[in-house]
């Protein structure tokens, strides 16, 4: 308390310090006068009396200063003085100020922008209470190189009883058909255990969530819906809790509405934007009453650790549990599969796959900022040499070195802080515009905002840059040799040799840093370019896919499409109608997995079903262990429509139906991987699940990059959609389509067959292919943008240094010209100096780039991290730019008029 | 006449004591008072009173108010606060302890 009152007093003095000085003055004057009067009264002559009074009083100026300083505001007054002086200097050279402030504004703004993304995704914890206790549980079978295979219901029960977790909830992403509100809509649902919301510790805005201890069989008759769905489909009806909804023909009560902005912790955008949460205990109709251990049908699970447990402790207890289960159920857990359960921090699951790209971006933009700093340091050094005389003079008049250094630092901080403020202002106003450039799949996209930590970062970045670029010139000024500086001051200042060395060093650094960035961008560009030109193996031109989904009610008896036989007439009718649409030349139907390169669905398939594990018949197969393959269900017309040629065997035909044995068309990669050097036609494999039928290979197609653009030769099986009961469907159309009208036309046709079916996700395949590159494109464009900025800055930097060297040696060049030197020699010499800087910088840059490119190998495709072509090309471009930047001042050097130069002092 | 510098650190004590004795004084009066009572032995470099008074203002030991002298001139009058009185006791005790110790040392045989 006492210090607070004391500071209040000090602060009051700061506010009234003029009055304060005047008071002190008056007080001291009175003292002196009274003393003088006393002396005069004692008989001393007036002037002697005054001198005596002064003697007794002491040095008034010093004492006044001492009194002033006692209040502790000296630093602030110095700062104010330095800042005022700095502003005056800026006004005197507005060009320099504008360049410096603009450079800083752009680079600090860009760095802060990227940081705000990193802050929202990587740094800020998940928006649930005690997020550090939240984990995701992943089942791996490393023995058969299968990861994230999902868990079975008995395993979930084991985990619940293990004492490691407060709650464990499997989560099962699915789509459903919402009918009864307006027109039928596809909704994203997440089937969870009743403890899901208790686990996340979130409360609804309306109603209630599930009872976490509820363990009744089957799907609970209540659901929780999202704020978004409540507003869009129910007009934010306040009596929503009295209403029911129909999903896949089943009726559910609405138990509660979640808070706005609540995101489910998912890996991809689809899994995060959940609209409806049904709950179940994962046994009882429509699931099995006693699910076996081997049925890993619960794709993922999240859990909250018991309080006080670290993830490492929990993991070691979990390992012990897994070991004892393996002993207890040796039939379900053969040792060769190597079953293991892994705890991953939930945050890692949500943002893990974007971490590398984001860190790359942050590094790239930080490099640009650093290069900007080096540039301004260079400009400041040039100015410092022009101001050498001023500094020397002030030092000679008694300014402390510390004060001079502080003053120069204040000036640079003034620049960087102004830059920072402008950068932030740009960011603030351009925020919505910039957000549109981010890939939609980025987790926690709508959490990105200018928070306190972002502001703090911007301020810290501004101060740090100000210190970085201000330090070199400030230290130089502090170290300047007085006599030399004053002697030199008469002539045109050429700057000390040391200063020129520092400036060269700075330019070399700048070059090295920008080369690193350019090479990183070059490698990303080449990866992207290669991916664009990769032979797809299918033809996406003029193809469009529209999705629909058949309902799957909980009671199989009322399922209109419950078997392949019941589904087939629907498929045939839709196909027949689709072929009649205007412009359509070919039509086919597949499941959504048949849409090539659909990123979200590739992941979804895994999230909602785990991976497709198959086993092979007989001992002639290469692999007698379950293996992961891609699979999709299609009609026979799919292959021609996609342009995937059949190499051997036959395609599906009418004799293949739900009564006949299951057949498959596989791609070459499948055949080569599992039956090398054999004829795979007629061979059999089956899904690695009890009771799955054998599937006979009847045809082999060429490989197509439908699963991943980056990988060729992914084993792929195509199954006949008429033999299965797949409910997530895609209708493929080829022809001269009116892409704006066709989705509506398909909707009309499909809904005239069954009016309850929703249609969604209409996209041309070219769009799908391009969307699959969205994240790569984003990081490539961003890094590319930063690299070009860096190159420009480096070019400016070398231009500045060479111009400076030329203007400093005008006199010398003049003499040489007067003595008959060739202009071309002068030009070459100046260029050589620039080239020397560029080459030194490039050598250092290449070394740095080799390091960096290996760190980013995971982001590359098709190029070696030390790709010689990229390295050589970028370096050549670099040196070209450097020479270009040096040519302007070099030419100026050759045009020097000897007469003028010799007069030039 | 020979005048002695005051021992370091006792300036606060002198000012506090002087103000405690006579209530309200301006700087010149304080200086004179110290001199008079010490029978001209203690000589304060008069100006140094002022930085000391500022520090005491910051600490809250004294308050200052403008008033007029007997000759009708504006002067700043200092007055002890409650905190100042307490401080005076602290300084007195400390001073006595030090003087006591010094006396014992020089009188020891």
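The values are calculated or read from the model by the stated rules, or taken from the named source; none is laboratory data. Everything numeric here is computed off the predicted structure, so don't read it as measured data. Here Cβ is always computed from backbone atoms with ideal geometry, including for glycine, and neighbour counts include all displayed protein chains.
Data overview
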item: Residue count, region A:123-136 (criterion: surrounded by fewer than 22 Cβ atoms within 10 Å (Cβ to Cβ) and out of contact with any helix residue (DSSP H, G or I) (no Cβ under 6 Å at 6 or more places or on another chain)); result: 7
item: Enumeration of residues in region B:1-32 that are surrounded by 14 or more Cβ atoms within 10 Å (Cβ to Cβ), over 18 Å from residue B:85 (Cβ atoms) and either within 12 Å of chain A (Cβ to nearest Cβ) or at pLDDT 85 or above (or both); result: B:26, B:27, B:28, B:29, B:31, B:32
item: Tally of residues being in contact (Cβ under 8 Å) with a residue 60 or more places away in the chain and in a loop (DSSP other than H, G, I, E, B) across region A:234-248; result: 1
item: Answer residue from region A:57-74, given it is without any contact (Cβ under 8 Å) to a residue 24 or more places away in the chain and within 13 Å of chain B (Cβ to nearest Cβ) and is surrounded by the most Cβ atoms within 10 Å (Cβ to Cβ) among those; result: A:70
item: Single condition residue A:44 does not satisfy, out of (1) assigned to a helix (DSSP H, G or I); (2) away from chain B (no Cβ under 11 Å); (3) over 18 Å from residue B:58 (Cα atoms); result: (1)
item: Residue A:737 surrounded by fewer than 21 Cβ atoms within 10 Å (Cβ to Cβ), within 22 Å of residue A:596 (Cβ to Cβ) and modelled with pLDDT of 85 or more; result: yes
item: Every residue from region B:38-62 that is more than 9 Å from every other protein chain (Cβ to nearest Cβ), free of Cβ contacts under 8 Å to residues at least 40 places away in the same chain and more than 18 Å from residue A:35 (Cβ to Cβ); result: B:39, B:41
item: Condition met for residue A:32 (within 11 Å of chain B (Cβ to nearest Cβ), touching a residue at least 24 places away in the same chain (Cβ under 8 Å) and either under 29 Å from residue B:58 (Cα atoms) or not in a loop (DSSP other than H, G, I, E, B) (or both)); result: yes
item: Strands (runs of 3 or more DSSP E) lying entirely in region A:610-721 (those with 2 or more residues that are crowded, with 22+ Cβ neighbours inside 10 Å and in contact (Cβ under 8 Å) with a residue 12 or more places away in the chain); result: A:630-634, A:662-667, A:694-701, A:716-720
item: Any hit, region A:464-480, residues being under 25 Å from the mean Cα position of the chain (by Cα), assigned to a helix (DSSP H, G or I) and modelled with pLDDT of 80 or more; result: yes
item: Condition broken by residue A:54, with the remaining ones in (1) in a loop (DSSP other than H, G, I, E, B); (2) within 14 Å of chain B (Cβ to nearest Cβ); (3) under 18 Å from residue B:35 (Cβ atoms) satisfied; result: (1)
item: Odd one out for residue A:228 among (1) touching a strand residue (DSSP E or B) at 6+ places or on another chain (Cβ under 9 Å); (2) outside any loop (DSSP other than H, G, I, E, B); (3) surrounded by 15 or more Cβ atoms within 10 Å (Cβ to Cβ); result: (1)
item: Residues within region A:572-593 that are at pLDDT 90 or above and in a helix (DSSP H, G or I), tallied; result: 8
item: Filter pass, residue B:71 being within 12 Å of chain A (Cβ to nearest Cβ), at pLDDT below 85 and under 18 Å from residue A:63 (Cβ atoms); result: no
item: Among (1) surrounded by fewer than 20 Cβ atoms within 10 Å (Cβ to Cβ); (2) touching a residue at least 12 places away in the same chain (Cβ under 8 Å); (3) over 30 Å from residue A:655 (Cα atoms), the one test that residue A:748 misses; result: (2)
item: Yes/no for residue A:81 being away from chain B (no Cβ under 14 Å), touching a strand residue (DSSP E or B) at 6+ places or on another chain (Cβ under 7 Å) and more than 24 Å from residue B:48 (Cβ to Cβ); result: no
item: Tally, over region A:630-689, of residues that are under 27 Å from residue A:146 (Cβ atoms) and out of contact with any strand residue (DSSP E or B) (no Cβ under 9 Å at 6 or more places or on another chain); result: 4
item: Qualifying residue in region A:146-153 (condition: in a helix (DSSP H, G or I), under 33 Å from the mean Cα position of the chain (by Cα) and surrounded by 21 or more Cβ atoms within 10 Å (Cβ to Cβ)); result: no
item: Whichever residue in region A:253-271 is outside any loop (DSSP other than H, G, I, E, B) and surrounded by fewer than 20 Cβ atoms within 10 Å (Cβ to Cβ) and, among such residues, is nearest to the chain's Cα centre (by Cα); result: A:269
item: Selection within region A:409-437 - loosely packed, with under 12 Cβ neighbours inside 10 Å and either free of Cβ contacts under 8 Å to residues at least 12 places away in the same chain or touching a helix residue (DSSP H, G or I) at 6+ places or on another chain (Cβ under 8 Å) (or both); result: A:429, A:432, A:433, A:436, A:437
